[in-house]
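Enquirer: Take a look at the following structure, please.
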Amino acid sequence: MRILIVEDEEGIAAFLKQGLEEESFAVDVSNDGKKGLELALTEDYDLLLLDWMLPGTSGIEICRQYRKKNETTPIILLTAKDTVDETIFGLQSGANDYIKKPFHFDELLERIKVQLRPKSGGHAVFELGPITLNTETHQVHKNGNAVSLTQKEFALLEFLIRNKGKVCRRTRIIESVWDIHFEYNTGVIDVYINALRKKLSLTEKENYIQTVRGVGYIAKEP
């Protein structure tokens with residue numbers, strides 16, 4: 001999952017980036033509103049974290065401009081403003097949630113998880129054939145048996161399952177799971193795909209993670 005942080009206080013931005021990366025998120029940071037809006041409009045993100053008061057372009061204006069292009073990706077505002085009118089104004093501008101500074105990281109993390117839950121049913125469990133992945137507990141099972149994955153393996157599997165039925169290009173995978181841009185050698189993905197297939201004990205008939213030659217991978221029912 002890929003998150004964009006637009007926050008002009010570099011210390012806060014660095015703290016959030018480190019904390020979210022430790023939770024297996026890929027994170028981009030901008031300390032300028034204008035640059036942040038450019039990133040939001042040109043890159044693919046699963047969630048935006050926006051400070052209200054920013055140099056260049058305010059978080060509110062980013063909300064408004066972004067919502068013209070994207071009506072579904074969650075936006076959380078980070079701000080010291082806390083009156084009822086200001087909260088309503090922020091939500092009416094396109095934000096899904098609002099958290100007042102200073103805040104506890106654990107609270108922000110839970111708010112992020114709530115926004116990223118599947119909208120149907122509200123649960124954090126994804127299925128791919130006999131494979132289940134729980135984003136709340138970070139557990140993976142196949143046919144009811146627990147499968148032990150590293151954080152990066154889990155993040156890769158989560159990305160593929162969230163995009164089940166869609167071809168995931170190598171560049172999109174490397175940017176979303178590793179937070180590295182396309183210039184990087186994407187051959188590392190093959191290593192992790194092979195590790196996933198092995199740990200999930202996928203047979204030829206259980207071709208749930210398929211290679212799309214020259215493009216990337218797709219998670220689908222055989």
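The values are calculated or read from the model by the stated rules, or taken from the named source; none is laboratory data. Bear in mind that the values here come from a model prediction, so they are computed numbers and not experimental data. Here the Cβ positions follow ideal geometry from the backbone for every residue, glycine too, while neighbour counts run over all protein chains shown.
Enquirer: Which residue pairs have Cβ atoms under 7 Å apart, sit 6 or more places apart or on different chains, and have a first residue in region 162-178 that is farther than 14 Å from ARG213 by Cα and a second that is at pLDDT 85 or above and among the aromatic types (Phe, Trp, Tyr)?
Expert: ARG162/PHE126; ILE173/PHE159; SER176/PHE159; VAL177/PHE159
Enquirer: Also, quick follow-up: For region 52-69, state whether one or more residues are surrounded by fewer than 21 Cβ atoms within 10 Å (Cβ to Cβ) and of a type in the set (A, V, I, L, M).
Expert: Looking for residues that are surrounded by fewer than 21 Cβ atoms within 10 Å (Cβ to Cβ) and of a type in the set (A, V, I, L, M), one finds at least one in region 52-69, hence yes.
Enquirer: Restrict the check to region 105-120 and report whether at least one residue is free of Cβ contacts under 8 Å to residues at least 24 places away in the same chain and over 30 Å from LYS199 (Cβ atoms).
Expert: Yes, there is a match, as at least one residue in region 105-120 is free of Cβ contacts under 8 Å to residues at least 24 places away in the same chain and over 30 Å from LYS199 (Cβ atoms).
Enquirer: Considering each residue of region 1-11, count those that are surrounded by fewer than 22 Cβ atoms within 10 Å (Cβ to Cβ) and in contact (Cβ under 8 Å) with a residue 24 or more places away in the chain, and give that number.
Expert: 4
Enquirer: I've got another one for you. Identify the single condition in (1) under 26 Å from GLN18 (Cα atoms); (2) touching a Cys at 6+ places or on another chain (Cβ under 7 Å) that SER93 does not satisfy, given that it satisfies every other one.
Expert: (1)
Enquirer: Does any residue in region 70-92 that is farther than 22 Å from LEU41 by Cβ come within less than 7 Å, Cβ to Cβ, of a residue that is part of a loop (DSSP other than H, G, I, E, B) six or more places away or on a different chain, and which pairs are these?
Expert: ALA80/LYS101; LYS81/TRP52
Enquirer: Just to confirm my filter: which strands (runs of 3 or more DSSP E) fall fully inside region 108-169 and include at least 2 residues that are among the aromatic types (Phe, Trp, Tyr) and in contact with a His (Cβ under 9 Å, 6 or more places away or on another chain)?
Expert: In region 108-169, no matching strands (runs of 3 or more DSSP E) lie anywhere.
The rows are residues; the columns are (1) among the hydroxyl-bearing types (Ser, Thr, Tyr); (2) outside the structural domain of LEU39 (by TED's automatic domain parsing); (3) over 18 Å from the mean Cα position of the chain (by Cα); (4) at pLDDT 95 or above.
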site: LEU109; (1), (2), (3), (4): no, no, no, no
site: ILE112; (1), (2), (3), (4): no, no, no, no
site: CYS168; (1), (2), (3), (4): no, yes, no, no
site: GLU175; (1), (2), (3), (4): no, yes, no, no
site: GLU183; (1), (2), (3), (4): no, yes, yes, no
site: GLU204; (1), (2), (3), (4): no, yes, yes, no
site: VAL212; (1), (2), (3), (4): no, yes, yes, no
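Enquirer: Just one of ARG162, ARG197 is at pLDDT below 90 and surrounded by 12 or more Cβ atoms within 10 Å (Cβ to Cβ); which is it?
Expert: ARG162
Enquirer: Same structure again: Being in a loop (DSSP other than H, G, I, E, B) and at pLDDT 90 or above is the filter; apply it to region 21-44 and report the residue that is nearest to HIS138 (Cα to Cα).
Expert: Here the residue is ASN31.
Enquirer: Another question, then. Which residues, counting only those in region 48-96, are at pLDDT 90 or above, out of contact with any Gly (no Cβ under 9 Å at 6 or more places or on another chain) and either in a loop (DSSP other than H, G, I, E, B) or of a type in the set (Ser, Thr, Tyr) (or both)?
Expert: Selection gives THR73, PRO74, ASN96.
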